[in-house]
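Q: Here it is, the structure, as structure tokens.
The values are calculated or read from the model by the stated rules, or taken from the named source; none is laboratory data. What you see is a predicted model, and the numbers here were worked out from it, not measured in a lab. Cβ sites come from the backbone with ideal geometry, for glycine too, and all protein chains shown count toward neighbours. Ligands, DNA and RNA are excluded from the accessible area calculation, which covers all protein heavy atoms including side chains. Shrake-Rupley method; radii C 1.70, N 1.55, O 1.52, S 1.80 Å.
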Amino acid sequence: MRLKNIHINLLFLTLILLFSIACNKNEDLTSRSLVPTQGVLPEQAKPKARFVTLVKSFYENDTIKIVNTSSSPVTEVNYQWYLVSNNTNGLVSSEKEIGYLIFNELQTAQLSLVATNKYGTDTFSLNIEIKEKPKSAQITAITLDSVNYTNPLTGGNWNVSGGPNVLYKFYDIHQVWVDSTGRAQNSNLYGWSSTPPANLVLENVNSTPISWQYPSALRYILFSRMLDEHTLKIYNKDSNGDLQLIASIPFIFVDYFRNNLYADPGGNPDISLVKLRSNDGKTVITIKIKYLT
């Protein structure tokens, strides 16, 4: 009789244990910790508020994308975004992501993110200096400092005569060949200020450096998309007239605007000397940029 009671008690305890496990599995996951918090002090378990911007410099009328990178040991976190600027002073959003900001005048603003969970609150702030951007830019000179003299596809010279017949082309963010385009055809956004020249710059290069004066008087390219990525492509033109790509080098004009690293030795703050390098490091070209403000 006693043995039977023991079996009944064990069965009862087993059922209680299984019921408890089932209840724990069905617990609302949103209220459970992502990491163990037992024995952790509240200041250690509170969230860490952080956000990043996808650009390092900020300009008027530019879209500044913002990403919330906060962390928390529990999933229940409240977020509040505060902005202090010329036009705003206070709470602007209670969502996790604010998305983006646009400032239409020069100023220094402060963006703050407050993250709160049941253990505490943390705040992260960033000062945002809104700078002036140039209206447009001209490239007035180009120097080819070095070039890949060997055709990587053949392992030999680009041409029977030796070095490459170098020419270059500028492309905009849409891969439109800017050198060949009149401004009137593109709503005056880019292109030559007058009829494009019949011949592009072409030189049989057997040694470097070699310099070209870029057209800067009646004919010049007026670049007006300062925040977009442009690409300088350097080609060899073979004996059949076909183009073989030597290097493709991306750049953004505003990265070099009034930047001391690219300052003109003559002291003009609106002229920059920019050295562009291909990914393989074998082709280096320097462009002289005159910014129009």
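Q: How about the stretch 253-289: which chymotrypsin sites (Phe, Trp or Tyr not before Pro) there are in a DSSP loop, with at most 13 other Cβ atoms within 10 Å of their Cβ? Don't skip to the end; give the middle numbers.
A: Values: sites: Phe253, Tyr256, Phe257, Tyr262; in loops: Phe257.
The qualifying sites: there are none.
Q: Please identify every one of the trypsin sites (Lys or Arg not before Pro) in the stretch 150-248 that sits in a loop by DSSP and has no more than 16 other beta carbons within 10 Å of its own beta carbon.
A: On the way: sites: Lys169, Arg183, Arg219, Arg225, Lys233, Lys237; in loops: Arg219, Arg225.
Qualifying residues, ordered by number: Arg219.
Q: Just want to confirm a number: the relative contact order over the stretch 121-250, from Cα pairs under 8 angstrom separated by 6+ residues, in percent.
A: Computed over the stretch 121-250, the figure is 32 percent.
Q: Over all Cα pairs of the stretch 66-155, how is the pair count split among 5 Å bins, expressed in % and running from 0 up to the last occupied bin?
A: 3, 10, 17, 14, 10, 7, 6, 6, 6, 7, 7, 5, 1, 0
Q: With every protein chain left in place, what is the accessible area per residue of the stretch 141-293 in square angstrom, probe 1.4 Å? Walk me through the numbers on the way to the answer.
A: Numbers: 7820 Å² over 153 residues.
I get 51 Å² per residue for this part.
Q: Oh, and also: At a 1.4 Å probe radius, carbon and sulfur cover how many percent of the accessible area of the stretch 185-293?
A: Numbers: 2630 of 5890 Å².
Carbon with sulfur: 45 percent of the solvent-accessible area.
Q: Moving on. For all pairs of alpha-carbon atoms in the stretch 190-283, what percent lies in each bin of width 10 Å, listed from the first bin to the last filled one?
A: Values per bin, smallest distances first: 12, 36, 41, 10, 1.
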